[in-house]
Amino acid sequence: MSKDDKFKDSVTQARMNGALTNLDKGFEEMEKLTTTKDKTHLDITLLNTKLTHLRWIASKILPQYNDKVVNEHKGGVAYTIGWDTKASKDPILTEDTDGSTHTT
């Protein structure tokens, strides 16, 4: 499969279509259960587990259902931490400066 790109693309598309079809079937089962009068706690729990599993599969196959948070640092931030030489000569500051040269 790794050598044939066309076949790889068709398999990927088939997996994506299958995941969407399974989500649609799960949604239909949920609608059917909401209209059922004799539903039990077991029915609701089983459907919830099934839908959770279908959403998990969809998050692995479909990019729009991916739940990963991408946090990329683009750079451009420089930190300089030091002491102001004027403030270090006088132990008691008389001006309104804090003596720190910390910049972001």
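Condition (residue is on the phi < 0 side of the Ramachandran plot, touching a helix residue (DSSP H, G or I) at 6+ places or on another chain (Cβ under 9 Å), acidic (Asp, Glu) and not in a loop (DSSP other than H, G, I, E, B)) applied to the range 36-58: is it met by at least one residue?
Yes, some residue in the range 36-58 is on the phi < 0 side of the Ramachandran plot, touching a helix residue (DSSP H, G or I) at 6+ places or on another chain (Cβ under 9 Å), acidic (Asp, Glu) and not in a loop (DSSP other than H, G, I, E, B).
Is there a residue in the range 88-100 that is within 31 Å of the chain's Cα centre (by Cα) and either at pLDDT 90 or above or of a type in the set (A, V, I, L, M, F, W, C) (or both)?
For the range 88-100, residues within 31 Å of the chain's Cα centre (by Cα) and either at pLDDT 90 or above or of a type in the set (A, V, I, L, M, F, W, C) (or both): absent.
Take the residues in the range 1-20 that are over 23 Å from the mean Cα position of the chain (by Cα) and in a helix (DSSP H, G or I); name whichever of them is nearest to TYR65 (Cα to Cα). Break it down into steps so the answer makes sense when it comes.
First pass over the range 1-20, keeping only residues over 23 Å from the mean Cα position of the chain (by Cα): 1-11, 14.
Checking which are in a helix (DSSP H, G or I) leaves us with 5-11, 14.
Working: ASP5: 24, LYS6: 24, PHE7: 24, LYS8: 21, ASP9: 19, SER10: 20, VAL11: 19, ALA14: 16 Å.
Filtering first and then ranking leaves ALA14.
Condition first: polar (S, T, N, Q) and either over 23 Å from ASP9 (Cβ atoms) or surrounded by 12 or more Cβ atoms within 10 Å (Cβ to Cβ) (or both). Now tell me which residues in the range 19-69 satisfy that.
ASN22, THR34, THR35, THR36, THR40, THR45, ASN48, THR49, THR52, SER59, ASN66
Out of all the residues in the range 29-55, which are over 26 Å from TYR65 (Cβ atoms) and touching a Leu at 6+ places or on another chain (Cβ under 9 Å)?
Correct list: LYS39 only.
The values are calculated or read from the model by the stated rules, or taken from the named source; none is laboratory data. On a predicted model such as this, the values are computed, not experimentally measured, just so you know. All Cβ positions, even for glycine, are placed from backbone atoms using ideal geometry, and neighbour counts span all protein chains on display.
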